[in-house]
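Read the structure below first, then the notes.
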Amino acid sequence: MSTDLPARRHTAPPYDTTPGHADRPARRPEPATPPIAFLGTGRMGGPMAANLARAGFDVRVWNRTADRAAPLIATGAVVAPTPADAVRGAGILITMLTDGPATDQAATGPDGFLAAAPGMVWVQMGTIGADWTARLARTAARSGVTFVDAPVSGSEGPARAGQLVVLASGPERRRTQLAPVFAALAKATVWLGPAGNGTNAKLVLNNWLVDLAETTAETLSFARRLGLDPGAIVDLLQSTPLGSPYAMQKAATMLTGDFTPAFALRDALKDAELAVQAAQASGTELALTQALLPRWRHAAERHADDDLAAVYTTA
Ligand SMILES: NC(=O)c1ccc[n+]([C@@H]2O[C@H](COP(=O)([O-])OP(=O)(O)OC[C@H]3O[C@@H](n4cnc5c(N)ncnc54)[C@H](OP(=O)(O)O)[C@@H]3O)[C@@H](O)[C@H]2O)c1
């Protein structure tokens with residue numbers, strides 16, 4: 001993955017931290033659900049942890065940048081100073097960190113969580129790719145921790161609304177225990193078989209997403225260069241089956257030029273690179289995705305923390 005991008009920018013929490021938010025009244029979860037440790041309270045993890053706390057779960061959060069976790073106190077969550085502190089006494093751990101190295105660091109680094117809670121269930125929900133998923137599943141097994149690979153489909157809006165889709169894979173005997181947890185985060189959970197399948201499905205979906213975003217940027221740019229009004233082309237596409245809702249949403253963002261991130265270009269680029277790697281490992285080639293990588297890396301030099309719609313600036 002790209003290593004020479006500028007340092008990340010952080011913004012205020014985009015989610016409601018009010019306990020018992022009107023859209024989602026506080027309720028008691030299943031009595032059998034143990035405390036939940038939640039690591040990574042970023043754009044996705046913050047609202048997800050807030051939804052769990054508001055649903056009545058006992059939630060302990062940790063975030064590398066403590067300021068970014070502090071607003072969750074208002075939802076009833078407890079902020080822990082280290083990953084190990086967050087998991088002590090917890091039965092379920094959710095990780096929602098940027099990538100494999102960050103997740104590995106939280107697991108096995110100083111004050112890592114793996115040594116602190118043998119016997120817990122670790123639900124890995126970040127998009128970390130196939131190799132890191134396999135590696136961390138092996139590390140978990142060696143520590144007596146059950147590993148569930150469960151990335152999510154849906155961006156910041158669905159995360160806030162508890163309307164994600166969970167792509168779950170791993171030991172199905174955990175299905176009943178995790179059902180109320182996933183229900184607080186998502187409108188649907190799909191169980192896909194052994195751990196690794198969730199991540200592979202996520203890479204397939206995000207490969208579709210980055211290709212759609214790229215063709216949307218190219219189409220608007222192509223229209224503009226032919227002297228057409230790109231907005232009129234969007235209207236035209238919308239009036240036909242060609243205009244997929246996601247592409248039309250991104251087209252609107254591209255034309256307004258407001259790149260407030262829902263899904264940061266940095267992370268979309270990471271996922272495109274992970275998809276290309278997974279394809280290569282399986283003996284296939286993602287020609288479209290491979291072709292967009294150089295320009296997306298170029299766009300990320302200035303727009304890493306902006307929405308991926310910012311690829312329009314280089315199309
Ligand atoms: N945004 C989306 O639309 C979307 C949708 C589905 C899945 N995802 C995936 O969900 C994951 C989180 O994405 P996000 O949008 O929430 O990103 P984000 O807002 O950038 O949050 C990233 C999180 O990872 C932490 N982190 C990064 N590097 C770290 C390190 N070296 N050590 C410890 N913690 C580290 C950050 O901590 P700090 O606050 O200290 O930086 C933050 O908690 C990613 O894998 C992403 O691909 C995103």
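The values are calculated or read from the model by the stated rules, or taken from the named source; none is laboratory data. Predicted, not measured: the structure shown is a model, and the values here were computed from it. In this analysis, Cβ positions are derived from the backbone assuming ideal geometry, glycine residues included, and neighbour counts consider all displayed protein chains. These accessible areas exclude ligands, DNA and RNA; they are computed on the full protein's heavy atoms, side chains included. Shrake-Rupley method; radii C 1.70, N 1.55, O 1.52, S 1.80 Å.
Couple of notes before you dig in:
- Positions within the range 136-153 being open to solvent by 10 Å² or more (accessible area, probe 1.4 Å) and within 13 Å of the ligand (Cβ to nearest atom), in sequence order: SER153
- Output for the range 244-263, where each listed residue is within 13 Å of the ligand (Cβ to nearest atom) and out of contact with any helix residue (DSSP H, G or I) (no Cβ under 7 Å at 6 or more places or on another chain): GLN249, THR260, PRO261
- Verdict on ASP111 being open to solvent by 20 Å² or more (accessible area, probe 1.4 Å), at positive phi and touching a Ser or Thr at 6+ places or on another chain (Cβ under 8 Å): yes
- In the set PRO83, PRO118, PRO71, PRO110, only one residue is more than 16 Å from MET44 (Cα to Cα) and in contact with a helix residue (DSSP H, G or I) (Cβ under 8 Å, 6 or more places away or on another chain); that residue is PRO83.
- Extreme residue, surrounded by the fewest Cβ atoms within 10 Å (Cβ to Cβ), among residues of the range 23-51 that are away from the ligand (no atom under 15 Å from the Cβ) and either within 19 Å of the chain's Cα centre (by Cα) or modelled with pLDDT of 95 or more (or both): PRO35
Results for (1) part of a loop (DSSP other than H, G, I, E, B); (2) outside the structural domain of ALA49 (by TED's automatic domain parsing); (3) modelled with pLDDT under 95, shown as yes or no for each residue.
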position	(1), (2), (3)
ASP85	no, no, no
GLY89	yes, no, yes
THR98	yes, no, no
ASP111	yes, no, no
PRO118	yes, no, yes
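- Checked against the criterion of being farther than 26 Å from LEU114 by Cα and part of a helix (DSSP H, G or I), the range 169-186 contains not a single residue that satisfies it.
- Residue tally, condition over 20 Å from THR33 (Cβ atoms) and touching a Phe, Trp or Tyr at 6+ places or on another chain (Cβ under 9 Å), over the range 168-196: 2
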